[in-house]
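The values are calculated or read from the model by the stated rules, or taken from the named source; none is laboratory data. Everything numeric here is computed off the predicted structure, so don't read it as measured data. Please note that ligands, DNA and RNA were not included when accessible areas were found on the heavy atoms of the full protein model with its side chains. Shrake-Rupley method; radii C 1.70, N 1.55, O 1.52, S 1.80 Å.
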Amino acid sequence: MKQFKQIFLIAVLMLCSITWFGANAQKRLPASKQTETLKYGNPSEQLKNFLKIAAAANVSFTFPKGFREINAPDNEDVSFDYAIELPGKDFEIWFQVKSQKENWASYERNLGNKSRAVANPDSLYIGMGKACAIAFAGQDNYLVRTIPADIALRYNADAGKSYLLNLLDSPVTKSYKYALLITLQKDHTGTILAVAFSNEKGAEFFKNIAKASNCVKFKS
């Protein structure tokens, strides 16, 4: 656990210095389609759907150089909106974006109504991150930290959490060993959840994360 905490400190330092950033098998797109997706000239159906979901939450997504699209897991065990990988690196990132606008409107309508009280949508990112961390790593196999306000601001977010996960050996997460989970919250607007998976927990892991820096953020 001491070594794991040291790795987590490295993760926090990388977050502060580089700008933040289950299926058993996932189908890769042909190289020609990867080029089209990167340019957005002829995006895949998965990307078009993800961009619609992102737009509803006031989120922008820019495809990071060097990555390629893979099918996001979407089954009874886990559901994400989009996924990418670094070819040959055993490294991939899954994205989930949720609009909180309708939830916020419902919350405001029911203020003061104890029989129909709902949780404040601006706090849902905490439960989302914790639930995902436990599902992937188990009850006590992760470390969580609050993302500093200045880091969150780079992504036009109001709050966020980071989780360093020592993953369970599971086909849901393709038997990856480690992950860095990030949640970002824009009040009254939406939530971003991203999980970066790797079998390497040292500097190479965070170098790969750096390659996807700024690929997703809330619009200003």
Considering only protein heavy atoms, what per residue accessible area in square angstrom results for segment 56-212 with a 1.4 angstrom probe? 45 Å²
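Roughly speaking, to the nearest percent, how much of segment 106-218's 1.4 Å accessible area is carbon and sulfur?
Working: 2480 of 4970 Å².
Percent of accessible area from carbon and sulfur atoms in segment 106-218: 50.
Using the Cα gyration tensor of segment 135-190, with a ≥ b ≥ c the square roots of its eigenvalues, what is the shape: rounded (a/c below 1.5), prolate (a/b larger than b/c) or oblate (neither)? Provide the component values of the computation, followed by the final result.
Details: a/c = 2.94, a/b = 2.33, b/c = 1.26.
In terms of gyration-tensor shape, prolate.
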Non-local amide H neighbours of Tyr82 (under 5 Å, H modeled in plane, Pro and chain starts lacking H): which ones? Phe95
Largest first, how would Arg68, Arg109 line up by accessible area (1.4 Å probe)? Arg109, Arg68
Using all Cα-Cα distances in segment 86-220, what percent lands in each 5 angstrom bin from 0 up to the longest? 2, 10, 18, 20, 18, 14, 9, 4, 3, 1, 0
